[in-house]
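Shown next, in structure tokens, is the structure this report addresses.
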Amino acid sequence: MAANKLKELLDLKDSETYGRFKDIILTSVIGVVVNVLLGLLKVLVGTIANSVAVISDAVNNFSDSVSSLVTIIAMAISGRGATRKHPFGFGRIEYFSSIVIAVIVLITGAQFLIESVKKILHPSATSYTTLTLVLLVVAIVAKILLGLYTKRSGNRLNSPNLVASGQDALSDAIITGVTLLAAIVNLFNPDLHIDGYVGVLVSLFVLKAGLEILLDVVSKLLGERPDLELADKIMEEILATEGIHGAYDLILHNYGPNVFIGDVNLELEDTMTIDEAYVITKPLNVKILRDYGVFMYFGIYSVNTTDPDIVEMREYLYDRASEIDDILQIHAFYVNKERKFMSFDVVFDFDCKDQYPVEQELRRILKEKYPDYQVEMLPDKDYTLSRS
């Protein structure tokens, strides 16, 4: 019975994971269809008007369709699950597919930047009509709606590809708006050849969007601080567990959107047995996996709650450290009274450029209070320091 219950808790197949997969695919398919239709519409308008700006905008729509196809393929691969060679699954393929999307966008922008410069050097007349202007307005409205829908879906589903596609769609709406403005100007002054210059402006927008997508995904691959809201929820869950006196050094290793393996150090009483610790940590491990999709490993800090001298020393240290701006947290406090030895970890603020004077100040404070003690102070980093 217990084994079946555990299997039920760990079976995430038909939870929100599968729903996320379906929603991302559906949003991407909608993006493909809308972008192909808009691309064909703009090719028609650009051909009639002899406008390189509109044609470049059309090809940008086709590249967006390819981007959505890349997202669909990436989701199909990421949904394969873990294998012997890739035990953490294929979730990070979404990040690599974002790089592919960024490269497609950058190549598209560069190609039409070249074409637009050519038209500046060798201008030719454009001929817009009222119908072509109306069609451009329709394209702008469609792109805005698609962008808002895709970006909202991306934020809800935590999909970097969809967020990037949504932002790109909104940028495209601005680009088409600039193209429309140039068309209106040309309608009133046919001798003013600004189509090439508008094409350059459109191309620069496209290049900027591609660069932003690329920089964002590179930042994620380098390793960003996890979402603070997720870290808060996990820490609150841990600290609300009876028998746990504190939780520190939370680290969440990202293997794709919504795929985390984490570790955290727990403060447990030094009188607790291994069996008692297991009774606390195992159900917590299962609950965090079930509720947040994070497989958590636990380390143990032994905290002395029975010796009043050690309790007093810990409280004194924590109080003095809290008065120093560059110190965010003290933990892993350990004292051996017989050997006159004290050790602890110090979490420094990333804005602290020089830790040495801060360490010396804390050592001076402790030396005045406990002159006979040897102090071992280990610097630590604020990997995922939640508000909890």
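The values are calculated or read from the model by the stated rules, or taken from the named source; none is laboratory data. A quick note: this is a predicted structure, and the numbers were derived from the prediction, not measured. Quick reminder, even Gly has a Cβ in these numbers, built from the backbone with ideal geometry, and neighbours come from all protein chains shown. All accessible areas refer to the heavy atoms of the entire protein, side chains included, with ligands and DNA or RNA removed. Shrake-Rupley method; radii C 1.70, N 1.55, O 1.52, S 1.80 Å.
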How would 100, 45 line up by accessible area, probe 1.4 Å, largest first? 100, 45
Once you have a ≥ b ≥ c as the square roots of the Cα gyration tensor eigenvalues for the range 89-144, tell me rounded if a/c is under 1.5, and otherwise prolate or oblate according to whether a/b is larger than b/c. oblate
Taking the Cα centre of the range 192-338 as origin and charging only Cβ (+1 Lys, Arg; -1 Asp, Glu), how large is the dipole, in debye to the nearest 20? 840
Calculated FRET value between residue 232 and residue 37, using beta carbons and R₀ = 45 Å, to 0.05: 0.55
May I ask for the Kirkwood hydrodynamic radius of the chain, worked out over all distinct Cα pairs and given in angstroms to one decimal? 25.0
Would you tally the net charge around residue 116, using a Cβ to Cβ cut-off of less than 12 Å, leaving residue 116 out, and scoring K and R as +1, D and E as -1? -1
Run a plain Debye calculation on the range 49-122 (Cα atoms as equal point scatterers, no solvent) and give log10 I(q)/I(0) at q = 0.16, 0.17, 0.23 Å⁻¹, rounded to two decimals, same order as the q list. -0.65, -0.69, -0.96
Please report the projected area of the range 278-388's Cα convex hull averaged over all directions, in nm². 8.7
Beyond a 32 Å Cα-Cα separation, which of these cross-linked pairs lie in this structure: 85/208; 22/143; 151/233? 85/208
Lys and Arg at +1, Asp and Glu at -1: add these up for the other residues within a Cβ distance under 13 Å of residue 349 and post the number. -4
Would you mind working out the magnitude of the charge dipole of the chain relative to its Cα centre, with +1 at each Lys and Arg C-beta and -1 at each Asp and Glu C-beta, to the nearest 20 Debye? 2060
Express as a percent, rounded to the nearest 5, the fraction of DSSP beta bridges in the range 266-388 (both residues included) that run antiparallel. 40
Per the 1/(1 + (r/R0)^6) rule, R0 = 41 Å and r from the Cβ atoms of residue 263 and residue 141, FRET efficiency to 0.05 is 0.25
Between rounded, prolate and oblate, where does the range 211-368 land on the alpha carbon gyration tensor, with a ≥ b ≥ c its root eigenvalues, rounded for a/c under 1.5, else prolate if a/b exceeds b/c? oblate
So, with a 1.4 angstrom probe, what is the percent of accessible area on the range 283-388 that is carbon and sulfur? 48
The range 328-388 to the range 221-243: how many Å between their Cα centroids? 23
Top mean-square fluctuation among 157, 214, 26, Gaussian network model of the chain, C-alpha springs under 10 Å? 26
Whole number in Å², please: accessible area per residue of the chain, 1.4 Å probe, ligands, DNA and RNA not counted. 53
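Taking every DSSP beta bridge with both residues inside the chain, roughly what % is antiparallel (nearest 5)? Intermediate values should be presented prior to the final figure.
On the way: 14 of 31 bridges.
Expressed as a percentage, antiparallel bridges in the chain total about 45.
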Determine the distance separating the Cα centre of the range 19-69 from the Cα centre of the range 95-112; give it in Å without decimals. 14
Efficiency of FRET from Cβ geometry, residue 80 and residue 129, R₀ 45 Å, rounded to 0.05: 0.30
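Among 349-362, 191-204, how do they line up from the highest to the lowest mean number of other beta-carbon atoms within 10 Å?
191-204, 349-362
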